[in-house]
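The values are calculated or read from the model by the stated rules, or taken from the named source; none is laboratory data. Everything numeric here is computed off the predicted structure, so don't read it as measured data. No Cβ is skipped: glycine too gets one built from the backbone with ideal geometry, and neighbour counts run over all protein chains shown. Side chains included, ligands, DNA and RNA excluded: accessible areas come from the protein's heavy atoms. Shrake-Rupley method; radii C 1.70, N 1.55, O 1.52, S 1.80 Å.
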Amino acid sequence: LPYGSTVVLRIGEFMGCDGNLDYVLKFSKQIMGLRELVAKSTCSVDIGPVNPGVFSFQYQDIKTNVFGMSNLPVGFFGLLKGRTTYIDTVWFDGERWIERNYLENGNVVYNVYVRDESDEGKD
């Protein structure tokens with residue numbers, strides 16, 4: 001990610017284990033007029049015995065905000081459409097979400113996501 005950029009997961013309504021989310025990549029300063037990328041996605045939580053808590057989301061439609069115009073289709077980033085990403089949840093308490101990943105050398109690393117109530121409900 002470019003220095004100073006932020007990823008925001010805006011998780012929408014769920015029906016059972018399936019829902020929708022916006023994966024938003026925000027840039028701290030405009031890069032060639034680009035403010036943010038928004039990937040409308042479907043998502044689900046695995047509640048089965050093999051991978052309980054695994055959260056997955058699949059990019060469906062990727063748009064951008066450029067020079068004040070919003071919801072513009074994106075050429076290159078459109079290649080991500082249909083790609084699925086998995087988050088191996090090890091802790092979730094409604095405020096913090098901790099993900100576990102494994103490096104190629106086998107070491108375990110963790111990512112921590114923090115709830116930002118000031119960003120909730122934005123389009």
Problem - Odd one out for residue 105, checked against (1) under 17 Å from the mean Cα position of the chain (by Cα); (2) at pLDDT 90 or above - result: (1)
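It is to be established whether one or more residues within region 108-118 are of a type in the set (Asp, Glu) and without any contact (Cβ under 8 Å) to a residue 40 or more places away in the chain.
Yes: one or more hits.
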Problem - Residue satisfying condition, being of a type outside the set (A, V, I, L, M) and either under 13 Å from residue 39 (Cα atoms) or at pLDDT below 80 (or both), within set 84, 89 - result: 84
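Does region 67-78 contain at least one residue that is modelled with pLDDT of 90 or more, open to solvent by 70 Å² or more (accessible area, probe 1.4 Å) and over 21 Å from residue 2 (Cα atoms)? Spell out how you get there, then give the answer.
Taking region 67-78 and keeping what is modelled with pLDDT of 90 or more, we get none.
Checked region 67-78: no residue is modelled with pLDDT of 90 or more, open to solvent by 70 Å² or more (accessible area, probe 1.4 Å) and over 21 Å from residue 2 (Cα atoms).
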Practice task
May I ask you to list the residues in region 1-41 that are in contact with a Lys or Arg (Cβ under 9 Å, 6 or more places away or on another chain), open to solvent by 80 Å² or more (accessible area, probe 1.4 Å) and at pLDDT 85 or above?
Solution key: 20, 40
Completion exercise
Here the residues within region 43-66 that are open to solvent by less than 50 Å² (accessible area, probe 1.4 Å) and part of a loop (DSSP other than H, G, I, E, B) are 48, 53
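Residue-by-condition table, conditions (1) open to solvent by less than 80 Å² (accessible area, probe 1.4 Å); (2) part of a strand (DSSP E or B); (3) in contact with a Cys (Cβ under 7 Å, 6 or more places away or on another chain):
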| site | (1), (2), (3) |
| --- | --- |
| 82 | yes, no, no |
| 85 | yes, yes, no |
| 88 | yes, yes, no |
| 91 | no, yes, no |
| 98 | yes, yes, no |
| 105 | no, no, no |
| 109 | yes, yes, no |
| 112 | no, yes, no |
